[in-house]
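Working notes, beginning with the structure itself.
We did not get these values from a lab; they are worked out from the coordinates using the rules stated. From a predicted model like this one, the values you see are computed outputs, not experimental measurements. In this analysis, Cβ positions are derived from the backbone assuming ideal geometry, glycine residues included, and neighbour counts consider all displayed protein chains.
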Amino acid sequence: MAELEFSFIGSGNAFAPGGMCWNGFLVDRRFLFEAPPQALMSLNRLGVGVDDVEAVLLSHHHGDHFLGLPFLLLQWKHMGRTRPVRIVGPPETEQIARQVCERTYPTVFDSPVEIEWVEAKPGETLRFGDLSVEPVEVKHDRKLNLNLGYGCELGTRQFAYSGDSAMCDGILDLARRSDVFVSECSSVSEVTDVHMNLRDDIPRVRAAMRADAHLLLTHLSDDVRDVGGLRDTTIVSDFETYRL
Ligand SMILES: [Zn+2]
């Protein structure tokens, strides 16, 4: 079975604890999940080229998932990107991104780079070449318009991403269908209605997954270090690549 490659541009939660980079990852060096503030720096460090990212998929509009977009647009404009790019996210992603980017780099959209903005909504499967993406609503910040996880198929492999979420039906649905599930794990034991923790929630996520599937934990606090006896579960690190 073909391997999937997950390269983490960051693994920290919103507080960048201990100097960790904010969470985000590349799949097969082509599909970027999240655009955290340091996304461009991290992509450069991983040696990702200006034309390599085919699509950016945003789960929700919190700043740690999203505020790296102006720098990506700046690079694409000035460093010779030639391919179109898709930017995918919940409704209003284009409007919010345009406000942020045009206020910070006013000419950044005066660019030859073609951007296709794609609204992701639950129940509407998206196809980008050989990647298909099913947006799933998850439980996070109710004051944002929509918080998404993504169930994906690439070639013959299924993977999923939780976005930011507390335990909910959407998370368990994503966990059941995955060969690889990239899940947030924002603390060891903090109980909130917007995030999952290692003690209470991650064992339920793992139990919902197939025995041969792999769980990658990200969006971490810096004391998430030991998964105990959970099988095939990895706490990811900044700039590491996992082939699964
Ligand atoms: Zn969030």
**Item:** Calculated log₁₀ intensity ratio I(q)/I(0) where the Debye formula runs over C-alpha points of segment 136-220, q = 0.22 Å⁻¹
**Value:** -0.98
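Return a whole-number percent for the relative contact order of segment 5-237, with Cα pairs under 8 Å and 6 or more residues apart as the contact set.
This gives 15 percent for segment 5-237.
Provide 22, 117 in ascending order of the number of other Cβ atoms located within 10 Å of each residue's Cβ, fewest first.
Fewest-to-most Cβ neighbours within 10 Å comes out as 117, 22.
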**Request:** Name the residues whose placed amide hydrogens come within less than 5 Å of the amide hydrogen of residue 197, ignoring near sequence neighbours (fewer than 5 apart) on the same chain.
**Result:** 202
**Asked** Going by alpha carbons, how many degrees (0 to 90, nearest 10) lie between the helix axis of 69-78 and the longest principal axis of the chain?
**Response** 40 degrees
**Prompt:** Each label point is 7 Å from the Cα along the Cα-to-Cβ direction; what then is the distance between the points at residue 212 and residue 92, in nm?
**Reply:** 4.4 nm
**Asked** Among 167, 196, what is the fewest-to-most ranking by other Cβ atoms within 10 Å?
**Response** 167, 196
**Asked** Cα centroid distance between segment 2-25 and segment 152-211, in Å?
**Response** 15 Å
**Request:** For the chain, report the convex hull volume of the alpha-carbon atoms normalised per residue, in Å³, without decimals.
**Result:** 113 Å³
**Prompt:** Ranking 177, 45 by Cβ neighbours within 10 Å, fewest first, what do you get?
**Reply:** 45, 177
